[in-house]
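The values are calculated or read from the model by the stated rules, or taken from the named source; none is laboratory data. Computed from a predicted structure; not experimentally measured. For neighbour counting, all protein chains shown are included, and Cβ atoms are generated from backbone atoms with ideal geometry for every residue, glycine included. Ligands, DNA and RNA are stripped out before the accessible areas are found, and what is left, the full protein with its side chains, is counted by its heavy atoms. Shrake-Rupley method; radii C 1.70, N 1.55, O 1.52, S 1.80 Å.
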Amino acid sequence: WPVYAPYVAAINRLKRERSAVILAHNYQTPEIYHCVADIVGDSLQLAREAEKVDAKIIVQCGVHFMAETSKLMNPEKTVLVPDMRAGCSLSESITAADVRLLRERYPGVPIVTYVNTSAEVKAESDICCTSSNAVKVVESLDSDTVLCIPDEYLALNVARQTNKKILTWKGHCEVHERFTAEELLAYKDADPSIQIVAHPECHPDVLAVSDYAGSTAGMIDYVKGKRPARVLLVTECSMASNVQSEVPGVEFVKPCNLCPHMRRITLPKILESLTDMTGEVRVDPAIADRARRAVERMVALAN
Ligand code: 13P
Ligand code: SF4
């Protein structure tokens, strides 16, 4: 890792000088996750940690919607995202106008929006959810029918765990939709002891052949707790690299898929962003107030 050392030293020095903290998602590359991040976690953990940040600046190492969520949770802070183009196929799949149309089409049906969406979409929603609390959020609502958008597969996976009728949208994660039950079964056939650990953005058929499904943090905890000899993390590739050093003896088996959006965040871009204060995330205050309400409702439920 000597190639990273000058960047790591410069970033950590600038963090102190500028009063900045780095929040990094579990999908960030190991040199970010292990060497410059102050807090790592899944979407829910990062949203909750953002609210508690005392420092003046939050550098969000993750995708744009995560930085927006930090800004919603702690609006007084300057929130930087080292590459503004770090998007998300789920976030791109739906607009605020789409949500308003759904509201007209299904009057009275509560709208649960996955955090992988823009602030504008959150602002049109009743409450947010993440992969770690989607079932809990849906169950908390006083309605037999719930709109769970925009991730179709997450919604179908929730539907299997509740008696409520779940309506959804056709959004997909371009990373998780590529996994198939057939390819995973081939691994199980070759080695029945292998543990298959999947993210709920995968197709329900994939979850059906998995030993565990949960958020990125849930997946990490499962591996740390179970310490299987061989495990297949059905998710973004960096997860296995990040956890590897903490669970020696566990073999991480491919396949995994890369998220091109997460990959946009690199040490040189973090350094540039902190040096020049570029990539500041701003949310229109009128939208922010409404979007914050949806996120705070979710966070309050998790407390
Ligand atoms: P988690 O909330 O499980 O970390 O998921 C975020 C994400 O983008 C998964 O693709
Ligand atoms: Fe979005 Fe999928 Fe990338 Fe997560 S892995 S940020 S859901 S495209």
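In this simple spin-label model, placing a label point 7 Å from the Cα along the Cα-to-Cβ direction at both residue 205 and residue 163 gives a separation of 3.1 nm. Can you find, among 99, 300, 274, the residue farthest towards the positive end of the dipole of the chain? Put +1 on the C-beta of Lys and Arg, -1 on that of Asp and Glu. Selected residue: 274.
Measuring spread by the Cα atoms of region 176-258 yields a radius of gyration and Dmax of 11.3, 31 Å. Spatially, region 1-39 and region 205-244 are offset by 24 Å when compared through their Cα centroids. Remark: relative contact order (region 176-258) = 28 percent; criterion is Cα-Cα distance under 8 angstrom and separation of 6 or more residues. Scattering from the C-alpha atoms of the chain alone, worked out with Debye: what is log10 I(q)/I(0) at q = 0.06, 0.11, 0.14, 0.16 1/Å? Relative scattering, expressed as log10 I(q)/I(0), comes to -0.19, -0.66, -1.05, -1.31.
Among all lysine pairs in region 177-303 that are eight or more places apart or on different chains, how many have alpha carbons less than 28 angstrom apart?
So the count works out to 5.
Convex hull volume of the C-alpha atoms in region 72-111, normalised per residue: 114 Å³. Highest average first, the peptides 95-108, 113-126, 59-72, 200-213 ordered by how many other beta carbon atoms sit within 10 Å of their residues are 59-72, 113-126, 200-213, 95-108. Multiplying the residue separation of residue 145 and residue 289 by 0.36 nm and removing their Cα-Cα distance gives an extension gain of 49.2 nm.
For region 176-258, the Cβ-based charge dipole about the Cα centre amounts to some 280 debye (Lys, Arg positive; Asp, Glu negative; other atoms uncharged). Among the cysteines of the chain, those with no neighbouring cysteine Cβ under 4.7 Å are 35, 61, 88, 128, 129, 148, 173, 202, 259. Taking all protein chains as they are arranged and a probe of 1.4 Å, the heavy atoms of residue 22 leave approximately 0 Å² accessible to solvent.
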